[in-house]
Ligand SMILES: CC(=O)SCCNC(=O)CCNC(=O)[C@H](O)C(C)(C)COP(=O)(O)OP(=O)(O)OC[C@H]1O[C@@H](n2cnc3c(N)ncnc32)[C@H](O)[C@@H]1OP(=O)(O)O
Ligand SMILES: O=C(O)CCC(=O)C(=O)O
Ligand SMILES: [Zn+2]
């Protein structure tokens, strides 16, 4: 963790306290060796097949009634280097911006949005420098006010497109720029015509769309669409919208404009990913993201969270477009740059995103990972873990470890050893090393005849002799829950 982290870190993960089940774990009985067999994953993550060989429909994909849905046809406008720069802790040097831009390009985002060149001389220079990188996949956009001075600067930088924004809600019309809809419309047309005349892409967006009058929104969007532009944007600037409101507005807008529709969602009330999904269902074409969701206040739709959601809707489409194994690297890069930790519960890459703990879950996961996983960690270069050294463990999970350790034990013996692990874990969580030692001591004693099934006291004496720390209290009096995996 970086020294100036503003996140309150949870306890460091302990990968060694878990059983990695991706690599060599043998099957548990009665499961036909399927614990790592991803072909067993249901339609949520891959199409299933009828006996006639035809692919079954993904139950999480669009339904026939979703004729507007673009959940299998959408693009990312990655705004870490614009919205993300508005995050309280962000300061990006040109070197860092270049690293982030190259990583996003390698990941495969369609667009990278940069801070306005009007913000400062360095912002102007950085914009030019990133445009001259010649990225392979991502087009470069910059984000400006609806103002000719900003537009002139923007086109000088060499960007592929310009994202223009102006507030249309009464809040912003009164307190931000003080202009009415007539002025906004006239100004928008002038800026759009100018940017178009330079042969680059142009998008017009209404800031604070969800607190704007619908009639104002539809009127200005219809006007700019007639003028001709690449996209119009809808922005939930204060994070007030819910998925139903988003669906309704985007569906209405889809009937009014013929250009693409971009959407931008703040996460103040926790709806940023759901709103992005609802927007795509209603016919939006582009979603704004930032890495880890960083942005003004608590940020916007996170790149990883959007990917997680869209993988469920159409895994093959997402995999075909993006280099998913890079997600963790990009998140670490940005987390370091803005001096935060990746949250423990982060989508896909959080340290426990693919760690299974409770015995009931562990048994089923070992039989078929799709039982308790809607996403496959392998798709993102991640591993799955089963945590067993705690009081919620079960004999099936312990048996899987016994087999990994190549110890010959029957089910009765495994259950007996499991009871001991649970007894000890009632006092303190057992590390993977502890669990392995208990199992080895148990195995040796049972094989030599020193121990019989159902003799917990004899077993405890053996553990006291060979593993004197086995009953030690944890510093928190045995109440501390384990951290499971990395
Ligand atoms: C919701 C969003 O995230 S929108 C994007 C936000 N991004 C930024 O603000 C980029 C960084 N900003 C900056 O560097 C500065 O604010 C600048 C360079 C854009 C402007 O700086 P200043 O000229 O000092 O003005 P200041 O920031 O105090 O106020 C904003 C000005 O822009 C005007 N304005 C605000 N929004 C818009 C808009 N969308 N279109 C046109 N003008 C606008 C305001 O009326 C105000 O003008 P004023 O100088 O006549 O009062
Ligand atoms: O340009 C846009 O569409 C969005 C601007 C923005 O960051 C916001 O409104 O929150
Ligand atoms: Zn924003």
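Here are the numbers for the structure shown:
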item	result
Residue pairs meeting the criteria (Cβ under 7 Å; at least 6 apart or on separate chains; first without any contact (Cβ under 8 Å) to a residue 24 or more places away in the chain, in the stretch 357-381; second outside any helix (DSSP H, G or I) and surrounded by fewer than 21 Cβ atoms within 10 Å (Cβ to Cβ))	361/372; 364/372
Odd one out for residue 77 among (1) part of a helix (DSSP H, G or I); (2) within 16 Å of ligand 2 (Cβ to nearest atom)	(1)
The one condition in (1) in a loop (DSSP other than H, G, I, E, B); (2) under 19 Å from residue 363 (Cα atoms) that residue 427 fails to fulfil	(2)
Total residues in the stretch 385-423, condition surrounded by fewer than 24 Cβ atoms within 10 Å (Cβ to Cβ) and over 22 Å from residue 372 (Cβ atoms)	14
Residue ID - nearest to ligand 1 (Cβ to nearest atom), chosen from residues in the stretch 170-185 that are loosely packed, with under 12 Cβ neighbours inside 10 Å and in a helix (DSSP H, G or I)	175
Lone unmet requirement of (1) under 24 Å from residue 151 (Cβ atoms); (2) surrounded by fewer than 24 Cβ atoms within 10 Å (Cβ to Cβ); (3) within 16 Å of ligand 1 (Cβ to nearest atom) for residue 263	(2)
Residue within the stretch 305-314 that is farther than 24 Å from residue 343 by Cβ and surrounded by fewer than 24 Cβ atoms within 10 Å (Cβ to Cβ) present	yes
Filter result for residue 140 (within 13 Å of ligand 2 (Cβ to nearest atom), at negative phi, under 30 Å from the mean Cα position of the chain (by Cα) and surrounded by 15 or more Cβ atoms within 10 Å (Cβ to Cβ))	no
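The rows are residues; the columns are (1) surrounded by 18 or more Cβ atoms within 10 Å (Cβ to Cβ); (2) at pLDDT 95 or above; (3) within 16 Å of ligand 1 (Cβ to nearest atom).
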| position | (1), (2), (3) |
| --- | --- |
| 40 | no, no, no |
| 45 | yes, no, no |
| 55 | no, no, no |
| 64 | no, no, no |
| 85 | yes, yes, yes |
| 95 | no, yes, no |
| 104 | yes, yes, no |
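Okay, residues lined up against (1) assigned to a helix (DSSP H, G or I); (2) at pLDDT 95 or above; (3) in contact with a strand residue (DSSP E or B) (Cβ under 7 Å, 6 or more places away or on another chain):
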site	(1), (2), (3)
392	no, yes, no
446	yes, yes, no
457	yes, yes, no
469	yes, no, no
476	no, no, no
479	no, no, no
486	no, no, no
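Listed here are the residues, each with its yes/no results for (1) away from ligand 3 (no atom under 15 Å from the Cβ); (2) under 14 Å from residue 70 (Cα atoms).
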{"residue": "261", "(1), (2)": "yes, yes"}
{"residue": "272", "(1), (2)": "no, no"}
{"residue": "276", "(1), (2)": "no, yes"}
{"residue": "286", "(1), (2)": "no, yes"}
{"residue": "302", "(1), (2)": "no, no"}
{"residue": "307", "(1), (2)": "yes, no"}
{"residue": "311", "(1), (2)": "yes, yes"}
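The values are calculated or read from the model by the stated rules, or taken from the named source; none is laboratory data. Predicted, not measured: the structure shown is a model, and the values here were computed from it. Cβ coordinates were reconstructed from backbone atoms using ideal geometry, including for glycine residues, and neighbour counts include every protein chain displayed.
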